[in-house]
Structures are given as C-alpha cells and as structure tokens.
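**Q** Structure provided below as structure tokens; questions to follow.
The values are calculated or read from the model by the stated rules, or taken from the named source; none is laboratory data. Computed from a prediction, not measured in an experiment: that's the story for all the values here. Backbone-built Cβ (ideal geometry, glycine too); neighbour counts: all protein chains shown. Areas reflect the complete protein model, heavy atoms only, side chains present, ligands, DNA and RNA absent. Shrake-Rupley method; radii C 1.70, N 1.55, O 1.52, S 1.80 Å.
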Amino acid sequence: MGSVIQFPKCGTKYNPANGKYWDVYCRELEVKQIEKIVHYVSGYKLQSLRRHNRRVEYVDARQLFVLLCVRHTTFSYPTMGKILARDHTSIMHLEKRKKSTQLKAMLRESKNIIKYLY
C-alpha cells in the first residue's frame with residue numbers, strides 16, 4: 001500500500017500508491033490567498049464582491065474567484081456560496097458561464113501570480 005502523507009495546509013491524507021488526487025492536494029491555496037489574487041487582478045475586494053451588484057466588472061471578478069476556488073481548493077459549491085453571499089446554484093452558474101475577454105486576461109494574470117506562490 002505505501003505510506004500515507006499528511007499535508008500541512010489542508011490536513012488531508014494522500015496515499016502515494018493511489019496517486020489519483022495528487023494535483024488537488026498539491027495545488028491547494030487558502031481563501032485569503034485567492035482573495036488577494038482577485039483583489040490584485042480585478043481591483044475589487046471580497047467585501048464588494050459579496051454585494052448584489054450585477055455590473056459586468058463585479059460578475060467577472062466573482063467568476064474569477066469561483067474558478068480559482070474550483071481549481072485550487074476542495075470547497076463545495078455551498079461553501080463558496082457562503083463566502084460570496086450567494087446560493088450554490090449561482091456559484092454553479094458562474095463556473096459554467098462563458099468567459100469574457102476581460103476575464104480571460106484576468107485568468108492569465110492570476111496564473112502568473114500563482115506560479116510565484118508555488
């Protein structure tokens with residue numbers, strides 16, 4: 001079977017013999033780090049993203065937050081919904097929403113920032 005490794009960031013266990021979820025455990029970020037990345041890239045803090053504003057700039061920043069959380073954390077949709085003061089179905093819609101050109105630019109910039117964190 002092999003030994004089990006305990007990851008200090010997330011507290012989850014990984015069995016090297018399985019190897020199935022290695023990317024998930026190696027790529028974990030904390031919410032504070034994702035919040036800082038979104039603030040740096042979009043200019044909006046988490047507090048302003050929690051408001052019920054439908055302007056495109058806010059929606060793109062929320063979508064960036066959700067995409068980073070889906071990719072780099074193990075949060076469920078209800079957990080992300082609580083963070084953004086939304087329902088879990090709104091989070092699911094944000095994940096599947098078509099990416100605008102502004103969001104694509106923000107994603108490229110955030111990927112460059114995340115490379116430096118690892």
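**Q** Based only on the alpha carbon positions, what is the Kirkwood hydrodynamic radius of the stretch 37-79, in angstrom?
**A** Across the stretch 37-79, the inverse of the average 1/r is 10.8 Å.
**Q** For Leu64, Leu117, write out the residues from largest to smallest accessible area, computed with a 1.4 angstrom probe and no ligands counted.
**A** The ranking, largest first, comes out as Leu117, Leu64.
**Q** Now a separate question. Given the peptides 72-84, 94-106, arrange them by the average over their residues of other C-beta atoms within 10 Å, most packed first.
**A** Ranked from most to least packed, the peptides come out as 72-84, 94-106.
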